Amino acid sequence: MPDPRRTVPRTDAVLDDPRLAGAVRERGRDAVKDVVRAVQQRVRDGEAPASDAVDLVLAALPPAGTTLRRVLNATGAVLHTNLGRAQLSAAAVEAVVTAAGATDVEMDLTTGRRARRGRGTLAALRAAVPAAGDVHVVNNGAAALVLAATALAAGKEIVVSRGELVEIGDGFRLPDLLVSTGARLREVGTTNRTSLADYRAAVGPGTGFVLKVHPSNFVVTGFTAGVEPGQLRDLGVPVVVDIGSGLLAPDPALPAEPDAASALREGAHLVTASGDKLLGGPQAGLLLGDADLVERLRRHPLARALRVDKLTLAALEATLRSAPNPTRDAVHADPGALHRRTEDVAGSLRGNGIDARVERSVAVVGGGGAPGVDLPSWVVSLPARLAVPLRTGAQPVAGRVEGGRLLLDLRTVPPGADAQVTAAVVAVAGGRG
Ligand SMILES: *Cc1c(COP(=O)(O)O)cnc(C)c1O
């Protein structure tokens, strides 16, 4: 064995290798040098042959600019919170790239003067929900609620049912968020039953608005009663409805899921929703409703702190203007087509000597949306020990482990990416799965 230290290639020799020219040009010599040093150490430690140095550097280079990795979501949760909720459509991705440089987000190119920020996005949202008198966009659903509470109820009361004081996830609770604005909560009814009389008794001169919150991540069944927004319209105070998921119009596949158009038609004065749940767009908070209320929100100083950037505006507009997107496709995927895709992937894997079976399964909307809705699906079932290598491999794939097997649900994978799932499994199973 020659002493590995003698064979360690020189830093400059590696950096000057033509195969690294692109990386050095795009990321800078220093960034690549850090990776070269790490590889030299592995050679010095006898972990890798010196002849592989350039290949090892290429493999170890982090993707340009971000430590975030592209993950194939095969969990069966369409909106996986830990995987960034909605996957953007190709049109939305293209729009983000267009807006990334200098863009006319606040300029009228005809006159050269300042123009309304994000006017194309707001017009698209208005067109998508004609029942809204006006619309506004902020950073996320929570920001939409904070803006409404601050502008309409600071120093006043928000009247809300005890059954709707929900925790969104990761310890964030809507009541805490609302109280942080300086509004006071006036809780009415009980966990399972709230009546119109409860609201009527609580509403008075100190009321900022009545809030209805869609319990988007749990279901209460049994002896329950609630009040529809339309019944609250005559109480003489604004009715704000947090629908959560961002459906703009009814979706027959999700009959229990509220939508903005219906809530407004039924009497809500203001609707708040997220952009990156069932709408399938970027993280954003949508506000739709009576023009005078929306104007009060827009003019509030806090609105400036909650405004969205040009990339969000671009992605949201593209999502609103083009019907298909990965979220909608996943929710509406035909089980028969899913079965065929799953059989194809499993067949290829078996052809590589991997223990891959096809099983029936159930996917969910996830991301705190449409609780209790089962989306019939199919999974490729694999040995559970592949779960970690698959998540940490060159192309990360996230599935779920159940009953001692790793299950990959293709409902949440864009159909064009099936071959990448197959390749990723083959790469980590080494043909011996
Ligand atoms: C998701 C959700 C929120 C929070 O929206 P974000 O966009 O995550 O800030 C608020 N209310 C309801 C009912 C939700 O479902």
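Hey, what number do you get for the chain at 222 nm if only DSSP H runs of n ≥ 4 count, each worth -39500 (n - 2.57), divided across all residues, to the nearest 500?
Details: 19 runs with 164 residues, N = 433.
-10500 deg cm²/dmol, from helical runs alone.
Quick one: which of 235-248, 390-403 comes out on top by average Cβ neighbours within 10 Å, and what's the full order, highest first?
235-248, 390-403
So what's the gap between the Cα centers of the range 398-433 and the range 225-276, to the nearest angstrom?
Comparing the Cα centres of the range 398-433 and the range 225-276, I get a distance of 38 Å.
Please state the charge dipole magnitude for the range 206-353, taken about the Cα centre, from unit charges on C-beta atoms (+1 on K and R, -1 on D and E), reported in debye and rounded to the nearest 20.
Values: 15 positive and 17 negative charges, 90 e Å.
So the dipole magnitude of the range 206-353 works out to roughly 440 debye.
When 1/r is averaged over all different Cα pairs and the result inverted, which Kirkwood radius in Å belongs to the range 4-161? Please list the in-between numbers first.
Details: mean 1/r = 0.0465 Å⁻¹.
By the Kirkwood definition, the hydrodynamic radius is 21.5 Å.
Quick check on packing: order 77-88, 46-57, 273-284 by the mean number of other C-beta atoms within 10 Å, highest mean leading. Before the final figure, lay out the partial values.
Values: 77-88: 21.7, 46-57: 15.6, 273-284: 26.5.
Listed from highest to lowest mean packing, they are 273-284, 77-88, 46-57.
For the range 358-433, what percent of Cα pairs sit more than 15 Å apart?
Tail fraction, whole percent: 57.
With the crude spin-label approximation of a point 7 Å out along Cα→Cβ, what separation in nm comes out for Arg10 versus Asp355?
5.2 nm
Determine by what factor the alpha-carbon radius of gyration of the chain differs from 2.2 N^0.38 Å, reporting the quotient.
Working: Rg = 26.1 Å, N = 433, 2.2 N^0.38 = 22.1 Å.
Normalised Cα radius of gyration, the chain: 1.18.
Below 9 angstrom from the Cβ of Ala183, what's the summed charge of the other residues (Lys, Arg +1; Asp, Glu -1)?
+1
In the chain, carbon and sulfur make up what percent of the accessible area (probe 1.4 Å)?
So the carbon and sulfur contribution to the accessible surface is 53 percent.
Roughly how many whole Å is it from the C-alpha centroid of the range 13-81 to that of the range 135-212?
Between the Cα centres of the range 13-81 and the range 135-212 lies a distance of 49 Å.
Taking one equal scatterer on every alpha-carbon of the range 251-352, how large is log10 of I(q)/I(0) by Debye at q = 0.15, 0.21, 0.22, 0.24 1/Å?
Per q value, in the given order, log10 I(q)/I(0) is -0.79, -1.21, -1.26, -1.33.
Could you list, bin by bin from short to long, the percent of Cα-Cα pairs of the range 125-250 in 10 Å steps?
For the range 125-250, the binned pair fractions read 12, 44, 37, 8 percent.
Which one, His332, Ser348, Thr319, projects farthest toward the positive side of the charge dipole computed for the range 305-356 from Cβ point charges (K/R +1, D/E -1)?
Final value for the positive-end residue is Thr319.
Could you rank the peptides 404-414, 305-315, 118-128 by their average count of other C-beta atoms within 10 Å per residue, with the highest value first?
Taking the mean over residues of other Cβ atoms within 10 Å, the ranking is 404-414, 305-315, 118-128.
Using alpha-carbon pairs under 8 Å, 6+ residues apart, how would you state the relative contact order of the chain in percent?
19 percent
Name the shape class, rounded, prolate or oblate, that the alpha-carbon gyration tensor gives for the range 135-190, where a ≥ b ≥ c are the square roots of its eigenvalues, rounded holds for a/c under 1.5, and otherwise prolate holds if a/b is larger than b/c and oblate otherwise. Intermediate results must be reported in sequence, preceding the final value.
Numbers: a/c = 1.85, a/b = 1.18, b/c = 1.57.
Oblate, because a/c is 1.5 or more while a/b does not exceed b/c.
In Å², what does the accessible area per residue of the range 267-317 work out to with a 1.4 Å probe?
About 33 Å² of surface per residue is accessible.
Quote the convex hull volume per residue of the range 302-387, based on C-alpha atoms, as a whole number of Å³. Walk me through the numbers before you get to the answer.
Numbers: hull volume 15.4 nm³, N = 86.
In the range 302-387, the Cα convex hull volume per residue is 179 Å³.
Taking the C-alpha atoms of the range 89-150, how large are the radius of gyration and the largest Cα-Cα span, Dmax, in Å?
14.1, 38
Which of Ser51, Ala153, Ala256 sits closest to the plus end of the dipole of the chain, meaning its Cα is farthest towards the positive end, when Lys and Arg get +1 and Asp and Glu get -1 on the C-beta?
Ser51
Could you tell me the convex hull volume per residue, in Å³, taken over the Cα atoms of the range 195-316?
Numbers: hull volume 15.6 nm³, N = 122.
Roughly 128 Å³ of hull volume per residue.
For the range 99-150, calculate the relative contact order in percent as a whole number, restricting contacts to Cα pairs under 8 Å that are 6 or more residues apart.
18 percent
Taking the Cα centre of the chain as the origin, how large is its charge dipole in debye, to the nearest 20, when only Lys and Arg (+1) and Asp and Glu (-1) carry charge on their Cβ atoms?
That gives the chain a dipole magnitude of about 700 debye.
The values are calculated or read from the model by the stated rules, or taken from the named source; none is laboratory data. None of the values given here were measured: they were computed from a predicted structure. Using ideal geometry, Cβ is built from the backbone for each residue, glycine included, and neighbour counts are taken over all protein chains shown. Ligands, DNA and RNA are stripped out before the accessible areas are found, and what is left, the full protein with its side chains, is counted by its heavy atoms. Shrake-Rupley method; radii C 1.70, N 1.55, O 1.52, S 1.80 Å.
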